[in-house]
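The values are calculated or read from the model by the stated rules, or taken from the named source; none is laboratory data. Keep in mind the model is a prediction, meaning the values are calculated, not measured. Here the Cβ is made from the backbone with ideal geometry for all residues, glycine too, and neighbour counts use every protein chain on show. The protein model used for the area step is the full one, side chains on, heavy atoms only, and it has no ligands, DNA or RNA in it. Shrake-Rupley method; radii C 1.70, N 1.55, O 1.52, S 1.80 Å.
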Amino acid sequence: MFPARTGTETDIRLPFSFIIFAVLAFAASQLVLLAAVPAMSGGAFRLPLVWAAAHLALLGFALMAAMGAMYQLVPVAFLTPIWSERLGFWQFAITALGIVTVAASLALAPNETFLPSLLLLFGIVLFVWQMAMTLKQQKNKTIMTLFVATSLLFLLLTGAAGALLAFHFFAATGANSHETVFGLHVLFGLCGWFTLLIMGFSYKMAPMFSLAHGFSMRPARYVYALYTSGIAVGLISLFLPGQTWLAVGSSLLAAGFALFAWHIYAILQKRMKKALDRPFRFSLSAIVIGLGLHVAAFAAIVIGSGRLLGIIVYLFIVGWIVFSIIGYLFKIVPFLWWTHRYSEKVGQENVPTLKQMMNERLITVQCLLFAVALVLAAAALLFTNTTLFAAFQTLFAGLSILFAGTILAVLRK
Amino acid sequence: MDILELAIHQLKTVIDPELGINVVDLGLIYRLQIQDGQIDVLMTLTTPGCPLHDSIAGGVKRALEQIDGIHDVRVQLTWNPPWTPERMSEEALRQLGYFA
């Protein structure tokens with residue numbers, strides 16, 4: 001499928017290895033969850049199959065897609081080549097093996113997840129090292145560099161907290177600190193890693209996809225300060241009794257995210273491209289969802305509803321993180337494949353535009369159905385309706401397969 | 001058609017694949033000098049770190065190399081002055097839906 005590279009041509013096999021693994025893991029995770037629906041209809045969610053599916057989705061899909069996208073976007077956004085592509089392929093193999101073994105262990109023998117989690121942590125360490133060395137080469141550091149570098153630090157901390165949780169199961173220890181470490185794992189992973197990363201790259205992609213010019217980047221500094229302060233206060237609150245500091249932390253996170261949403265809106269007001277592409281609009285709608293869920297999380301903490309907070313975290317993963325990644329993958333994958341297939345033909349013959357690399361109508365339908373699925377999930381979880389949840393999961397599993405097919409179909413163009 | 005018109009015609013075949021607009025209407029070409037079978041192009045891109053950097057600059061070179069009598073094409077990219085939307089033609093603005 002991928003001919004050998006020549007000269008200075010980008011080796012697209014590296015980002016594609018991650019992205020193909022990611023879309024297949026996404027479909028697999030949703031099929032596993034679909035298989036677990038009968039067991040979940042009894043109201044039990046802490047099941048080995050559900051753990052396996054959740055990790056396959058968050059690690060196999062979201063983490064691997066983010067890593068693949070970074071191998072493509074970091075050289076573009078920061079004008080610096082990847083430090084070692086060879087290390088990148090090793091890192092892919094180790095991380096992929098780590099994810100598959102972690103998911104399999106969680107499904108079959110949860111107490112034996114510690115060693116696979118160390119393998120996965122090693123893959124993450126290699127990735128962070130690779131990106132740190134790459135960013136180090138950047139001549140003029142920007143606020144985007146700060147967002148991405150901080151997110152990498154949190155990725156490392158998320159992996160370490162995850163390995164510690166696995167050790168608790170393995171050694172049947174840590175009962176007293178288990179909830180705290182779990183809280184750190186969620187906070188670092190969702191807010192520190194994924195959110196800061198998506199924010200950082202949105203600052204590159206939003207102006208690029210909308211052809212926006214003449215906007216200020218100054219608010220990004222306040223977004224960074226507010227959001228990272230929220231994570232810091234949230235971290236401290238996990239070691240303190242009561243909910244007060246957690247509420248303060250979540251209010252800072254909500255304020256930072258609200259400023260980010262406003263800033264992206266302000267950037268888009270300066271755009272020249274009036275009609276935005278469907279995939280990009282889908283990613284933008286994920287920002288609106290993310291904002292609503294940040295505010296809802298603050299409200300749930302204030303009223304002290306742990307159940308509501310759990311639902312919000314689930315919807316945050318799907319509506320903000322997964323939807324952002326889906327929207328951006330719809331843009332990144334055609335670009336990668338176009339560059340590989342047509343870049344050398346520009347100026348010599350007619351080549352397709354990036355929009356022509358995918359069936360826009362099919363993408364529109366998928367985006368709408370993903371939105372319907374999110375509403376179904378919210379209703380099912382809020383009203384504890386297992387029939388609705390089964391309907392959501394069936395729709396979501398079907399969509400994940402359609403999404404994988406749409407992405408893989410680009411490779412035939 | 002003189003050689004300058006021919007060169008502009010060739011440049012209009014180089015399309016930014018993200019926007020679907022050619023490099024001339026986008027206002028990316030700052031200078032085009034033709035002398036003794038050699039063309040010197042000074043151009044920019046809509047944003048520094050544009051992922052289509054190599055594709056578009058390479059496309060400009062290949063398009064101009066196809067003109068009879070041209071034996072050398074030199075393409076130089078610059079960010080100074082940076083590209084601004086005012087450089088776009090009315091046709092480009094129309095394609096972007098700016099007047100809608």
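Any idea which of A:Ala53, A:Ala77, A:Ala65 is open to solvent by 10 Å² or more (accessible area, probe 1.4 Å) and out of contact with any Asp or Glu (no Cβ under 7 Å at 6 or more places or on another chain)?
The conditions single out A:Ala77.
Which members of the range B:1-14 meet the condition of being free of Cβ contacts under 8 Å to residues at least 40 places away in the same chain and surrounded by 12 or more Cβ atoms within 10 Å (Cβ to Cβ)?
Correct list: B:Leu4, B:Ile8, B:His9, B:Lys12.
Within the range A:374-398, track down each residue that is assigned to a helix (DSSP H, G or I) and free of Cβ contacts under 8 Å to residues at least 40 places away in the same chain. Reasoning before the result, please.
Initially, the range A:374-398 is screened for residues assigned to a helix (DSSP H, G or I), giving A:374-382, A:386-398.
Hits for the range A:374-398 are A:Val375, A:Leu376, A:Ala379, A:Ala380, A:Thr387, A:Leu388, A:Ala391, A:Phe392, A:Leu395, A:Gly398.
In the range A:347-368, what count of residues is obtained for those that are more than 8 Å from chain B (Cβ to nearest Cβ) and crowded, with 16+ Cβ neighbours inside 10 Å?
5
Just one of (1) open to solvent by 20 Å² or more (accessible area, probe 1.4 Å); (2) under 20 Å from the mean Cα position of the chain (by Cα) trips up A:Ser251, so point out which.
Result: A:Ser251 fails condition (2) only.
Return the residues of the range A:315-342 that are farther than 13 Å from A:Arg278 by Cα, open to solvent by less than 10 Å² (accessible area, probe 1.4 Å) and not hydrophobic (A, V, I, L, M, F, W, C); say none if nothing qualifies.
Passing the criteria: A:Gly319, A:Pro334.
Would the range B:49-70 turn up any residue that is exposed (fewer than 13 other Cβ atoms within 10 Å of the Cβ) and either over 10 Å from the mean Cα position of the chain (by Cα) or away from chain A (no Cβ under 13 Å) (or both)?
Going residue by residue through the range B:49-70, those that are exposed (fewer than 13 other Cβ atoms within 10 Å of the Cβ) are B:68-69.
Pick out the ones that are also either over 10 Å from the mean Cα position of the chain (by Cα) or away from chain A (no Cβ under 13 Å) (or both) and you get B:68-69.
The answer is yes, given that some residue of the range B:49-70 is exposed (fewer than 13 other Cβ atoms within 10 Å of the Cβ) and either over 10 Å from the mean Cα position of the chain (by Cα) or away from chain A (no Cβ under 13 Å) (or both).
Just give me the residues in the range B:1-47 being over 16 Å from B:Arg87 (Cα atoms), in contact with a helix residue (DSSP H, G or I) (Cβ under 9 Å, 6 or more places away or on another chain) and among the small types (Gly, Ala, Ser), in sequence order.
B:Ala7, B:Gly20
The rows are residues; the columns are (1) within 23 Å of A:Ile12 (Cβ to Cβ); (2) touching a residue at least 60 places away in the same chain (Cβ under 8 Å); (3) touching a Pro at 6+ places or on another chain (Cβ under 7 Å); (4) surrounded by fewer than 17 Cβ atoms within 10 Å (Cβ to Cβ).
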position: A:Glu85; (1), (2), (3), (4): yes, yes, no, yes
position: A:Phe89; (1), (2), (3), (4): yes, yes, no, yes
position: A:Thr101; (1), (2), (3), (4): no, no, yes, no
position: A:Ala109; (1), (2), (3), (4): no, no, no, yes
position: A:Glu112; (1), (2), (3), (4): no, no, no, yes
position: A:Leu115; (1), (2), (3), (4): no, no, no, yes
position: A:Leu126; (1), (2), (3), (4): yes, no, no, no
position: A:Lys136; (1), (2), (3), (4): no, no, no, yes
position: A:Asn140; (1), (2), (3), (4): no, no, no, yes
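Name every residue in the range A:184-238 that is surrounded by fewer than 20 Cβ atoms within 10 Å (Cβ to Cβ), of a type in the set (Phe, Trp, Tyr) and within 14 Å of chain B (Cβ to nearest Cβ), in order of residue number.
Listed by number, the list holds a single entry, A:Phe215.
Consider the range A:286-308. How many of its residues are surrounded by 15 or more Cβ atoms within 10 Å (Cβ to Cβ), in contact with a helix residue (DSSP H, G or I) (Cβ under 7 Å, 6 or more places away or on another chain) and modelled with pLDDT of 95 or more? Before you say what the answer is, go through the steps one by one.
Initial filter on the range A:286-308 (surrounded by 15 or more Cβ atoms within 10 Å (Cβ to Cβ)): A:286-287, A:289-301, A:308.
Next, only the ones that are in contact with a helix residue (DSSP H, G or I) (Cβ under 7 Å, 6 or more places away or on another chain) stay: A:286-287, A:289-291, A:293-298, A:300-301, A:308.
Retained after the next criterion (residues that are modelled with pLDDT of 95 or more): A:286-287, A:289-291, A:293-298, A:300-301.
Summing the residues that are surrounded by 15 or more Cβ atoms within 10 Å (Cβ to Cβ), in contact with a helix residue (DSSP H, G or I) (Cβ under 7 Å, 6 or more places away or on another chain) and modelled with pLDDT of 95 or more in the range A:286-308 gives 13.
Would you be able to say whether some residue in the range A:329-346 is over 27 Å from A:Leu259 (Cβ atoms), assigned to a loop (DSSP other than H, G, I, E, B), modelled with pLDDT under 95 and not polar (S, T, N, Q)?
Yes, the conditions are met somewhere in the range A:329-346.
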